[in-house]
Amino acid sequence: MITLDQTLSAHLESNVFPVYFNTCRWFAGKARVQNGFYIRNALPMGEAHILIVEATYHDGPSEFYQLPVTQISAHIEIDVKGVLEKGETTQLIDAIYDDGFRSELYKNIFLSHTLHATLYTLHFQKGRGLSDTDAPESIDSRVLPVDSSNSAMLFGGKYFMKLYRKLFDQTNPEVEMVSFLTQHSDFGNIPAYAGSITWQREGQPDVTLGMMQQAIRADKDNWVLTGDFLNDFMYGVPNGMFGIKEDVFDQVALLGKRTGEMHLGLYSPEADAAFAPEKFDDSYRQFLLNRLTDLLNRRYALLIENYTKLDKPTQCLAWIFMEARELIDSFANEMLTRPLDSLRIRIHGDYHLGQVLTDNGDFIVIDFEGEPEASISDRRIKHSPLKDVAGMIRSYHYAVSAKLFESHETKNISSEKLQTVSDRWYKLIRDSYMDAYLDAFGWPHPLFKSQNEINFLLLFFLLEKAVYELGYEISYRPSWVNIPLRGIVEVIREIEKLKEPKIRISRLGQ
């Protein structure tokens, strides 16, 4: 076992971590001015230590990261990404690259062990996904070559483990969501919860270190599948042909149905407070309005700053958005006053085509961590499930827009014509998805009190999502700014339709 004394700790903090952390994909602080890295806790597990490292910065709050370390022979070859420091006879490595450490992880989850120390415990929980009779007590494993914000391991080709790198002083929402759906619902279209690792401290919130699920051998994600559908569709566009195969509608409707079933699984009136449905109370309404208003303010400023960099068609869309500010503000403020009897529940929170895998003609929903830029507290807030629906609808809009406007085959077609074609495809797909989604609930259902409420809430969340997307595209993908702007303009048109009956009544009264 590695001896983590004061000398080694100081060496790691001063000489090793400043270099190593900045080579890791999972370290989120590369762009910030760093002050230093400090080992705040060292949790022994087998021959390794799970280090809790605080990264401090010149400005803003510090961050905490999980880094398991162990020492092995210098002659053992591992992925260079896992080597912290190498000497003549030994090397200090990220312990996920050590077979022994991975075996300890699996064994402790399989046996639901709790490792006790003076001021903390490491609690390993076994879930239903690991409770089948085929699960062995020991198993082969490997690190997956996935560069992301977490680290991934595969055990026996059957169980997938995600080790969370950036840590938060709360239970990770993904563990809560996946374990709840697996243990307390009939929704089976997720990788089943197999277990988790929690760092429990006296008098402080529990911290989730990792989660295990059943592994899924998926064909592709639904973004790629939708791209395949669009390839078939796009070949007819240059020849003036508009055609969508029937199986495309079948697949879209199936996804709508599975989305509804997921939300039915999360709708649990008998659940504890963490998952019980709630009303649209005043504080939640104000939260939604404040968040949308803040987004709008920042996006308008960003759009004005970058307006001259946009091409003419995109400038026209931007101008419609800016001119509609009063209309949008009036619509947004209805969140405070409009009667709403629909309910809100825990939701996926970052729902789009890339979060759905295809498997033998069906769909598997993954990655329940929530909106990446939101705090852990915000990710656990209960919303109308229509927020997830809006995310998927916006994803379909992205898919068709990117394919038609960016493809070589359509470069000689006018933007006006492409706009018409993409709008037709998108609206047919949207309606197929939405109809199947609502059919999954039956009518009426407590989550949706009326069609009027559905229309209002869906428009609100579609607007919020498109405005959120706008900031990303301006900053990182300027050629795609027109996609969220078209989404915003579509919502503006729908808001105008809602206002038209009042205008007509007013004129009749005159």
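In degrees, nearest 10, range 0 to 90: what is the angle between the Cα axis of helix 415-439 and the longest Cα principal axis of the chain?
Once rounded, the angle reads 70 degrees.
On a 0 to 90 degree scale, rounded to 10, what angle separates helix 282-306 from the longest Cα axis of the chain?
The helix 282-306 is inclined about 80 degrees to the chain.
Give me the mean projected area, in nm² to one decimal, of the convex hull enclosing the Cα positions of the chain.
Over every viewing direction, the Cα hull of the chain projects on average to 28.4 nm².
Mind checking which lysines have their C-alpha under 25 Å from Lys382, skipping anything on the same chain fewer than 8 residues away?
Within the straight-line limit of under 25 Å, Lys382 reaches these lysines: Lys162, Lys166, Lys257, Lys279, Lys449, Lys465.
First check a/c for segment 101-214, with a ≥ b ≥ c the square roots of the eigenvalues of its C-alpha gyration tensor; if it is under 1.5, answer rounded, and if not, answer prolate when a/b is larger than b/c or oblate otherwise.
Rounded, because the longest to shortest axis ratio a/c is under 1.5.
Whole number please: convex hull volume per residue, Cα atoms of segment 1-135, in Å³.
143 Å³
Suppose R0 equals 22 Å. What FRET efficiency, 1/(1 + (r/R0)^6) with r the Cβ-Cβ distance, do Lys107 and Ala42 give to the nearest 0.05?
0.60
Give me the angle, in degrees from 0 to 90, between the Cα long axis of helix 451-476 and the longest principal axis of the Cα atoms of the chain, rounded to the nearest 10.
Here the helix axis deviates by roughly 60 degrees.
For segment 97-163 and segment 353-428, what is the centre-to-centre distance using only Cα atoms, to the nearest Å?
One Cα centre to the other: 33 Å.
Measure off 7 Å from each Cα along the Cα-to-Cβ vector at Asp99 and Gln451, then give the distance between these two points in nanometres to one decimal.
Rounded to a tenth, the inter-label distance reads 6.4 nm.
We did not get these values from a lab; they are worked out from the coordinates using the rules stated. The model shown is predicted, which means the values in this text are computed figures rather than measured ones. Reconstructed Cβ throughout: ideal geometry from the backbone, glycine too, with neighbour counts over all protein chains shown.
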